[in-house]
Amino acid sequence: MKSVLFPGDGTTVLEDVPEPTPGPGEVVVKIRASGMCGSDLHFYHGNFDFDHSVIQGHEPCGEIYAIGEGVAPTAATVGDRVMIHHYFGCSMCRRCRAGWPQMCETGQGKTMAVHANGGHAPFAVVPVTSILPLPSELSFKAGAAIGCGTGTAWGAIKRLGGVGDTVSVVIGQGPVGLSATMFASSMGATVIGVDIDATRLERAKHFGADVVVNSREESLFDVVSDYTGGRLADVVMETSGRATKDAFSVLGTFGRACFSGLPGDVEFTTQAVYKKQWTVMTSWTMSSIEQARCADFVVSHNLPVDDLYSHRWTIDQAAEAYEWFDRQDAGKGVFEFD
Ligand SMILES: [Zn+2]
Ligand SMILES: [Zn+2]
């Protein structure tokens, strides 16, 4: 089967890989949609360590195609529509049991497209413990987005303890930032969306931003200060990994800041800010339980997750797709399979 690999030098390779068969406790998922996530670009350029022989794509979504030994009939049936939580842990330690296999206490956890084959291929084999039902109301590409980019925004809001009735500044309006804008707006926050690209800012309005700021052309501090009568923001979500100083510059008293973008150095001097009573946190995607809740919220609020995608590609177009995505000036892409 044709599969996308990254040599790590800013190119893609289409490699013919044998179709997987499920081992004990595993299922094979026929991939229907595999999203392109901003973090792909760190691996595309070789900035992060990863196994160059694994298939890329950590936002897969599809249907159960084959079931391995030992999988309970109640756990999976051929044809089930499933999302995948793209981290594989031991399933037994406290972190795994809490839905956080990415922090598996054994230290042996695996991430799709980093240590284990991902979804940029017609089929993927995964532990049955990693699958989650895809609600019938959601498309496969919505399930793919919820599997990382959109779920990362959801996870950040959960880490923040909610954002309703706040003025929330969302820095970066890529796939994660747009999702954060969408969720925060639907939860009742007033959202100030920030980016340096006009197209992305237009999209931010579509996803519910009340105010948009091109921080290359105008002072973010001035806009937020004017809008809030000098009180500044209750919440800042930094999704770009590049604007941590901007994040603190607009964070008001008792403000909460959540950093989900990488790499990003976060620095502040306690003496300069301790009277501001800030809460500062990081957030790493979401637990498998929150992935399911995120999907439920998207359904119950009828949120336009499909609209996050500006481009759809076939697997044969992988090189062109990643060259496009690498420009970081457009929306989100997805590989779709029949
Ligand atoms: Zn574990
Ligand atoms: Zn991702």
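The values are calculated or read from the model by the stated rules, or taken from the named source; none is laboratory data. Remember, it's a predicted structure, so these values are computed and weren't measured experimentally. Note that we place each Cβ from the backbone using ideal geometry, even for glycine, and neighbour counts take in every protein chain shown. Keep in mind that these areas ignore ligands, DNA and RNA; they rest on the heavy atoms of the full protein, side chains included. Shrake-Rupley method; radii C 1.70, N 1.55, O 1.52, S 1.80 Å.
Summary of values
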read-out	value
Boolean, A209 is at pLDDT 95 or above, in a loop (DSSP other than H, G, I, E, B) and open to solvent by less than 30 Å² (accessible area, probe 1.4 Å)	yes
Checking Y227 against (1) under 24 Å from C61 (Cβ atoms); (2) surrounded by fewer than 24 Cβ atoms within 10 Å (Cβ to Cβ); (3) among the aromatic types (F, W, Y), the condition it does not meet	(1)
Members of the range 58-75 that are under 25 Å from the mean Cα position of the chain (by Cα) and among the β-branched types (V, I, T)	I64
Subset of the range 240-262 (residues that are out of contact with any helix residue (DSSP H, G or I) (no Cβ under 8 Å at 6 or more places or on another chain) and open to solvent by 30 Å² or more (accessible area, probe 1.4 Å))	R242, K245
Among residues of the range 265-289, those that are open to solvent by less than 30 Å² (accessible area, probe 1.4 Å), assigned to a helix (DSSP H, G or I) and either closer than 22 Å to P101 by Cα or not assigned by TED's automatic domain parsing to the domain that holds R242 (or both), counted	1
Any chance H52 is away from ligand 1 (no atom under 16 Å from the Cβ), surrounded by fewer than 21 Cβ atoms within 10 Å (Cβ to Cβ), assigned by TED's automatic domain parsing to the domain that holds E15 and assigned to a loop (DSSP other than H, G, I, E, B)	yes
The range 80-126: number of residues that are outside any strand (DSSP E or B) and within 22 Å of T12 (Cβ to Cβ)	10
Matching residues, the range 270-326, being at pLDDT 95 or above, of a type in the set (S, T, N, Q) and more than 16 Å from the chain's Cα centre (by Cα)	Q277, T279, S300, N302, T314, Q317
Residue among V167, V176, V128 that alone is among the β-branched types (V, I, T) and either open to solvent by less than 20 Å² (accessible area, probe 1.4 Å) or within 16 Å of ligand 1 (Cβ to nearest atom) (or both)	V128
Residue check for L160: more than 16 Å from ligand 2 (Cβ to nearest atom), assigned by TED's automatic domain parsing to the domain that holds R293 and open to solvent by less than 20 Å² (accessible area, probe 1.4 Å)	no
Positions within the range 15-36 being away from ligand 1 (no atom under 16 Å from the Cβ), surrounded by fewer than 24 Cβ atoms within 10 Å (Cβ to Cβ) and in a loop (DSSP other than H, G, I, E, B), in sequence order	V17, P18, E19, P20, T21, P22, G23, P24
Any chance E63 is among the acidic types (D, E) and part of a strand (DSSP E or B)	yes
Single condition S39 does not satisfy, out of (1) open to solvent by less than 40 Å² (accessible area, probe 1.4 Å); (2) of a type in the set (G, A, S); (3) at positive phi; (4) away from ligand 1 (no atom under 16 Å from the Cβ)	(3)
Of residues in the range 315-338 being part of a loop (DSSP other than H, G, I, E, B) and of a type in the set (G, A, S), the one surrounded by the most Cβ atoms within 10 Å (Cβ to Cβ)	G331
Looking only at the range 77-97, and only at residues there that are closer than 20 Å to M112 by Cα and surrounded by fewer than 14 Cβ atoms within 10 Å (Cβ to Cβ), the one that is nearest to ligand 2 (Cβ to nearest atom)	R97
